[in-house]
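S.K.: Submitted below is the structure of interest, expressed as C-alpha cells.
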Amino acid sequence: MSVKPLTVTEVKGMKPREKDYAVYDGFGLLLNVSKAGGKVWRFRYSHPITKKRQTYTIGRFPEFSLAEAREVRDELRRMIARGVDPVTEKKNRKIEMSLKNLQTFEAVANAWFAFKKGSELRKPTLYNIEYEVYKYLVPFFGKYSIEKITAPVAINALDAVSDKNALQKKLISRLNEIMNYAVNCGALKANPLLKIKTAFTGKKNKSLAALPVERLPEFLSWWDSVPHTYQIAHNALLFQILTMVRPGEAIKAEWSEIDFDSGLWIIPAHKMKCHREHVVPLSSQAISILRTMQEIKRGRYVFFSSRTKDAPMGRNTIKTPIAASKFKGIVTLHGFRSMWSTLLNEEGFNPDVIEAALAHKSGDKIRDIYNRTIYLEQRKIMMQWVGDFFDDARKGVINRSGGMKGLRVVNG
C-alpha cells in the first residue's frame, strides 16, 4: 500500500499526544513526534547485506525541513543501492572525527581513563591508575604525538623509575593498555611497546625493607617517644603490627567490622588485595588498642582523619616521622608482615597457618578456603603469641621461648 507524502503544513501542525508516535512520508522516511512535542526525522531501511531492519536518525525538525529530509533519504537510498550501510558509514565518520582529537599521548590517555572509569573497577583501583598515569606517564609522554612514542623513547623515560621496580612494572602495563586503546581506536596501526618489558628483566626486584626482629624493641621504644600531634597515628601503626595486615587495610578498619564478642575483625572482600573476606583473630593487645580508640570514636573509621569528615587517616601521617628518623630505609609499613613471617617460620609455626594469617593466596583455591576456615582456631593462638611477643618487645625484651606452649597447641 502506497503512503501519501506529507506536506509542510502537516509537518508543522503535528501535535504531541499521550504517547510518542510516527507519521510516514514514504520510501522509508518518517517523522517521530514525542509526547513532549519534539520532532525527529528518521529513515527505516533493510541492511544491504544482512537484510535486518535498521533505523538512521537524520535530524530534528525544523533544523531539517521536509525537503532536506527527503534529500538525505534519497542519498541514503543510493548508498544502500551501492551496498553501503548508512548506519555503519555514520559510525565510521564519527571515528574519523574522534581520531583528529587523539593526536597526542595525553589525549589518548584521557580518553582511555574515561573508558576505565566507565568500567566496574573498584574506586581504590581507579585512584591508583589515575595516580600512575598522571603522576608519571602523562608528564613523560603527554605532548608527544602518539605515533612518535617508540620503544626506545619509552624505555629511556621509564628508566628514570628503575629504582622503583614494582612501580616500573605497573607503568609498563598502563602504558601498553593506553597504546592498545590507541590501536583499537584507530589512532595507531600497531602497538610498538609490547616487548619493552624485556628491556628491564635483568633488574632485580627491590624488596621492601623489613625491620630485623632483634631491633623491634628499639623501634617500639622510639615510636612510643615520638611526639604525635594526636594518638590516632600512634595506635594505627601498633594495631597494624599486631594484626599482621597490610597498611591500607589497617588504617581503613571500620567499627562495623569489629566483633568484640568473638574477638574477630572481619575485613570485607572489597578491601582486600586478594578480593576475599579476611578474618583476623584479635589478640588482647589489639583489642586494648581498639578500646582506647573507642574513647575518642568519631564516625565509622577506627583510625579516622582529623581533617576530612568520614574518612580514614592518611598513611603519610605514619610514614613521615619514620622517613625523618634513623629508621629511614630500615622500616617500611609493609615490612612488618615480612618480619612476622620470618619469625613465625623460625619458631616452627605451621606455614599454612602463617600464610592464612597474612591473607596470601597459594594458587590453590580449595587449599586457601581450608586455610581460612580450618586454621582459624590455630590462628587465634598464634596471634595471641604475636601479641605477647609484641608486649615483651615493647618492654625491651626478645622472648622467643614465650610461645612454646602455644606452639605445641598449634602444631599438635
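Quick note: the coordinates plus some simple rules give every number you see, no bench work behind them. Computed from a predicted model, the values in this text were never measured in an experiment. Using ideal geometry, Cβ is built from the backbone for each residue, glycine included, and neighbour counts are taken over all protein chains shown.
S.K.: Starting from the Kirkwood radius over alpha-carbon pairs of the stretch 8-84, derive D by Stokes-Einstein at 10 °C in a medium of 1.306 mPa s and give it in µm² s⁻¹.
M.R.: Estimated via Stokes-Einstein, D reaches 122 µm²/s.
S.K.: Identify, among S283, A233, I149, the residue whose Cα sits farthest towards the positive end of the charge dipole of the chain, taking +1 on the Cβ of Lys and Arg and -1 on the Cβ of Asp and Glu, with the dipole about the Cα centre.
M.R.: Of the options given, the answer is I149.
S.K.: Based on a Kirkwood Rh over C-alpha pairs, give the Stokes-Einstein translational diffusion coefficient of the stretch 205-306 at 25 °C and viscosity 0.890 mPa s in µm²/s.
M.R.: Estimated via Stokes-Einstein, D reaches 167 µm²/s.
S.K.: Same structure, new question: (i) 5, 23, 34, 27, 10, 1; (ii) 4, 19, 28, 24, 14, 6, 2, 1, 1, 0; (iii) 4, 16, 19, 17, 14, 11, 10, 7, 3, 1: which one is P(r) over Cα pairs in 10 Å bins from 0, in percent as calculated from this entry?
M.R.: (iii)
S.K.: Could you tell me, in Å, what Rg and Dmax come out for the Cα atoms of the stretch 213-411?
M.R.: 16.4, 47
S.K.: How do E75, E10, E18 rank when sorted from fewest to most other Cβ atoms within 10 Å of their own Cβ?
M.R.: Fewest to most other Cβ atoms nearby, the residues stand as E18, E75, E10.
S.K.: Step through the table entries K39/K90; K148/K197; K52/K94; K143/K189; K326/K380, compare each Cα-Cα distance with 27 Å, and write down the pairs that go over it.
M.R.: Cα-Cα > 27 Å for K326/K380; rest within.
S.K.: Taking the Cα centre of the chain as origin, work out the dipole magnitude from +1 charges on Lys and Arg Cβ and -1 charges on Asp and Glu Cβ, in debye rounded to 20.
M.R.: Value, rounded to 20: 1580 debye.
S.K.: Among the listed pairs K135/K169; K252/K297; K170/K328, give every one whose C-alpha distance is greater than 18 Å.
M.R.: Among K135/K169; K252/K297; K170/K328, the Cα-Cα distance tops 18 Å for K170/K328.
S.K.: Extension gain S306-T292, at 0.36 nm per residue separation less the Cα-Cα distance, in nm?
M.R.: Full extension from S306 to T292 adds 3.4 nm.
S.K.: Round to a whole angstrom and tell me the spacing of the C-alpha centers of the stretch 261-293 and the stretch 123-151.
M.R.: Between the Cα centre of the stretch 261-293 and that of the stretch 123-151, the gap is 36 Å.
S.K.: Which length gain, in nm to one decimal place, applies between K19 and D261 when the Cα-Cα distance is subtracted from 0.36 nm times their residue separation?
M.R.: Gain on extension, K19 to D261, equals 81.2 nm.
S.K.: Same structure again: Taking only C-alpha pairs under 8 Å that are 6+ residues apart, what is the relative contact order of the stretch 105-200 in percent?
M.R.: The normalised contact order for the stretch 105-200 reaches 33 percent.
S.K.: Give me M14, M383 ranked fewest to most by other Cβ atoms within 10 Å of their Cβ, as a rough exposure proxy.
M.R.: If I rank by nearby Cβ atoms, fewest first, I get M14, M383.
S.K.: If you rank F389, F200, F327 by fewest surrounding Cβ atoms within 10 Å, what's the result?
M.R.: Arranged by neighbour count, lowest to highest, F389, F200, F327 become F200, F327, F389.
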